[in-house]
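Down below is the structure, laid out as C-alpha cells.
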Amino acid sequence: MKKVVLSAIALFVGAVGFSQVTDGDGNSSSDPTVIAALPGAGAGANTGLSVQYGNAQRVRVRQAGTRQSAYTVQDNGSGAGGNQAFVRQTGAVGPTSGVRNAAEVLQSGTTNSSLTRQEGDRNKANTRQGQNNDASANNKAYIRQGVANQAERNFAQIDQDGNGNLASTVQTYDNNDAWTQQDGTENKSMIRQNGGPNGTAGHYASVQQEGLANESTVMQQGAGARNTAY
C-alpha cells in the first residue's frame, strides 16, 4: 500500500492518471493528490512530504522497503524555530534491505534538530539547516546510516549556517561517503566511519568549516585502502 504523508502541501505535486467513477447524477470522482518522488527514486516507490511553518513543529516519518523518498521542510526564516524532524527508512535486514532510499530535511531558524536513520545500501541523506541564512544558530543535525553489514555505499550530507551548530554523522561498513559544511562560529562537527573487514575499500569524508572557534573530528576505522579525509 502506498503511503503519503502530507502537511501544508505547496510543492512537488506529480500528475498521475486514475480511473474515475461517475455517480447517478453524472458527477465524477476527484483524483487524489500525489507527491512526486525525489530525484533518483524508483518507479512505484513510497513518498513522503511534510511542510511546516512556524515554531516548535514536530514531524516523524518512517518508511519500510526500498527506493523510498522523504522530503521535510520546517521553515521559520530567522525566527525562533525549535523544530524537530525524525526520518527513518528501514526494511527487513537482507540483500535488498533499504536500498536506494533518499531523505532530505530543510530547516530554517534557530534551535532546530534533525535525526535521519537509514538501514541498507546505496542510501542518500541530506540535511540543510539555515540554508545560507546567517541568523540560523544552535541547530543540531544527526545522520546514522547502517546496521550490521547492510550499510554500504551510502552518502550523508550536512550543511549548516550560523553559530553554535552541531553536526554528527555515523556510517557503518564500507564504501560510504560523508560531507559536512559549516559556516559561522563555534560550530562542532563529527564524522565516524567504521569500514569493517567486509570487502572494504574504505571511506571518504569531507569537512569544511568557515569562521572562528570551530571544532571537527573525523574517525575512520577498517582495513580499506580508500580511507580519505579532507
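If THR200 passes every condition in (1) more than 19 Å from the chain's Cα centre (by Cα); (2) hydroxyl-bearing (Ser, Thr, Tyr); (3) farther than 23 Å from GLY120 by Cα but one, which one does it miss?
(3)
Quick one: what pairs do we get from the range 115-131, first residue buried (at least 24 other Cβ atoms within 10 Å of the Cβ), second part of a strand (DSSP E or B) and of a type in the set (Lys, Arg), C-beta under 8 Å, 6+ apart or different chains?
THR116/ARG88; THR116/ARG144; GLN118/ARG88; GLN118/ARG144
Here are some conditions: (1) touching a residue at least 40 places away in the same chain (Cβ under 8 Å); (2) open to solvent by 60 Å² or more (accessible area, probe 1.4 Å). SER216 meets all but one. Which one does it not meet?
Going through the list (1) touching a residue at least 40 places away in the same chain (Cβ under 8 Å); (2) open to solvent by 60 Å² or more (accessible area, probe 1.4 Å), SER216 breaks only (1).
Test each condition in (1) open to solvent by 60 Å² or more (accessible area, probe 1.4 Å); (2) more than 15 Å from ILE158 (Cα to Cα); (3) touching a Ser or Thr at 6+ places or on another chain (Cβ under 8 Å) for HIS203 and report the one that comes out false.
Condition not satisfied by HIS203: (1).
Do we have any residue at all in the range 133-143 that's among the polar types (S, T, N, Q) and within 15 Å of GLN220 (Cβ to Cβ)?
No: zero hits.
Would you mind finding the one in ASP174, ASP159 that is open to solvent by less than 60 Å² (accessible area, probe 1.4 Å), among the acidic types (Asp, Glu) and not in a strand (DSSP E or B)?
The unique qualifying residue is ASP174.
Can you find a residue that is open to solvent by 20 Å² or more (accessible area, probe 1.4 Å), under 20 Å from GLN89 (Cβ atoms) and within 19 Å of the chain's Cα centre (by Cα) anywhere in the range 182-191? Can you show your working first?
Initially, the range 182-191 is screened for residues open to solvent by 20 Å² or more (accessible area, probe 1.4 Å), giving 183, 185-186, 188, 190.
Narrowing further to those that are under 20 Å from GLN89 (Cβ atoms): none.
Checking the range 182-191: not a single residue is open to solvent by 20 Å² or more (accessible area, probe 1.4 Å), under 20 Å from GLN89 (Cβ atoms) and within 19 Å of the chain's Cα centre (by Cα).
Confirm whether GLY146 is more than 28 Å from GLY82 (Cβ to Cβ), more than 22 Å from the chain's Cα centre (by Cα) and among the small types (Gly, Ala, Ser). Let's see the steps before the verdict.
Details: more than 28 Å from GLY82 (Cβ to Cβ): yes; more than 22 Å from the chain's Cα centre (by Cα): no; among the small types (Gly, Ala, Ser): yes.
No: the conditions fail for GLY146.
So, in the range 146-156, how many residues would count as being of a type in the set (S, T, N, Q), surrounded by fewer than 24 Cβ atoms within 10 Å (Cβ to Cβ) and in a loop (DSSP other than H, G, I, E, B)?
Count: 1.
Residue check, ILE143 against (1) touching a Lys or Arg at 6+ places or on another chain (Cβ under 9 Å); (2) outside any strand (DSSP E or B); (3) among the β-branched types (Val, Ile, Thr), all met but one. Which one?
ILE143 satisfies every listed condition except (2).
The values are calculated or read from the model by the stated rules, or taken from the named source; none is laboratory data. This structure is a prediction, so every number in the text was calculated from the model and none was measured. Positions of Cβ are generated from backbone atoms using ideal geometry, with glycine treated the same way; all protein chains shown enter the neighbour counts. Only protein heavy atoms, including side chains, enter the accessible area calculation; ligands, DNA and RNA are left aside. Shrake-Rupley method; radii C 1.70, N 1.55, O 1.52, S 1.80 Å.
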